[in-house]
Amino acid sequence: MAQLSIAWCLLNPNVSTVILGASRASQVIENVAALKVVPKLTPGVIERLESIVANKPKAPFHWGRV
């Protein structure tokens, strides 16, 4: 679940930085393994995931700027 969450953040165009928190070396290894999940998250898979959890963030308001 953590790897999927990190991979989703990496692909989210509204996320500029993904900060991995870890207390143990094993957690760092587990978190970095999310890079193997990224290629599996096709647009269709992301759409399906977001429909299941039903909490897709709304696009930020840009105040007339792009």
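Laboratory data are not the source of any read-out in this text; all were calculated from the coordinates shown. No experiment lies behind these values; they were computed from the predicted model shown. Cβ sites come from the backbone with ideal geometry, for glycine too, and all protein chains shown count toward neighbours.
Under a plain spin-label model, where a point goes 7 Å from the Cα along Cα-to-Cβ, how far apart in nm are A2 and Q27?
About 0.7 nm separates the two model spin labels.
Using only alpha carbon positions, build the gyration tensor of the chain, then give the equivalent ellipsoid semi-axes as the square roots of 5 times its eigenvalues, largest first, whole angstrom.
They are 24, 16, 10 Å, listed largest first.
With a cap of 14 neighbouring Cβ atoms within 10 Å, and only residues DSSP puts in a loop, list the trypsin sites (Lys or Arg not before Pro) found in the chain. Intermediate results must be reported in sequence, preceding the final value.
On the way: sites: R24, K36, K40, R48, K58, R65; in loops: R24, K58, R65.
Filter output for the chain: R24, K58, R65.
Taking the Cα atoms only, what angle lies between the long axis of helix 2-11 and the longest principal axis of the chain, rounded to 10 degrees?
Between the helix axis and the principal axis of the chain, the angle is about 40 degrees.
Between 0 and 90 degrees, rounded to the nearest ten: what's the tilt of helix 43-53 against the longest Cα principal axis of the chain?
Once rounded, the angle reads 90 degrees.
Go ahead and collect, in residue order, the members of the range 1-27 whose backbone nitrogen is under 12 Å from a label point 7 Å along the Cα-Cβ direction of L49.
Under cut-off, by backbone N: 1-13.
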